[in-house]
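Report on the structure given below.
Throughout, read-outs are computed from the coordinates displayed, never taken from laboratory work. Only a predicted model underlies this, so the values are computations on that prediction, with no experimental measurement involved. Here the Cβ is made from the backbone with ideal geometry for all residues, glycine too, and neighbour counts use every protein chain on show.
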Amino acid sequence: MLTREKSIQGVLFSSEEIQTRVRDLGQQISTDYANLENPLILIGILNGSFVLCADLMRQITIPVEIHFMSVSSYGSGTESTGIVRIDKDLRVDITGRDVLIVEDIVDTGLTLSYLRELFADRQPKSLEICAFLDKPETRQKPVEVRYIGFSIPNEFVVGYGLDYNHYFRELPYIAILKSEVYQG
Ligand code: 5GP
């Protein structure tokens, strides 16, 4: 069993820093999408983004809907496979709607570029991405991300919805995982 004491190297963003940034993102999104004809559609990418979605949604002051899609790209390790599997598709028609994909982290960019193409084919009125964390150093495929919470170095992070082998999603802060945990 992994414990916080054994596995966490240090805190990258405290709960307070996260909440301040989420509030700013919510305000920015509310301003950018003011005066829509229909509610903004948030698409949360499960599992990692569920905590962010809950917080972000409550900081958005315009009408908003939330829907979830479940994809997996990593298996249980820490290296991207480049293969995106859809575990649960959307159950809403996004044709002609304003859509904002909400993702926990963009790393290689493979997941989000795949999802962007997938959703673009469904002909929304507009399509943008909000990723809470960005690792620019490890990008393999360029992807346009309109809203970014924080850019971070190439470290494996957990907490605030992000896991390592299902551990640590519950942390209210974002922390760096010790490399010996995933290097064995
Ligand atoms: P990408 O396709 O951009 O390489 O990866 C996106 C997905 O990889 C994220 O949704 C997330 O599930 C996973 N991922 C990438 N970096 C990290 C990280 O540092 N920590 C965790 N927990 N997951 C990560």
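List of remarks:
- Range in the chain, longest, excluding exposed GluC sites (Glu not before Pro) [loop by DSSP; at most 16 other beta-carbon atoms within 10 Å]: 80-143
- Approximate spin-label separation residue 5-residue 59, in nm, with each point projected 7 Å along Cα-to-Cβ: 3.3 nm
- Of the trypsin sites (Lys or Arg not before Pro) in the stretch 1-79, those whose Cβ has at most 14 other Cβ within 10 Å and which sit in DSSP loop: 58
- Here the translational diffusion coefficient of the chain follows from Stokes-Einstein with Rh set to the Kirkwood radius across Cα pairs; for 20 °C and 1.002 mPa s it amounts to 127 µm²/s.
- Pairs of Lys in the chain closer than 25 Å at Cα, counting only those 8 or more apart or on different chains: 6
- Loop-located trypsin sites (Lys or Arg not before Pro) in the stretch 78-164 whose Cβ has at most 15 other Cβ within 10 Å (DSSP): 91, 122, 125, 139, 146
- Remark: relative contact order (the chain) = 25 percent; criterion is Cα-Cα distance under 8 angstrom and separation of 6 or more residues.
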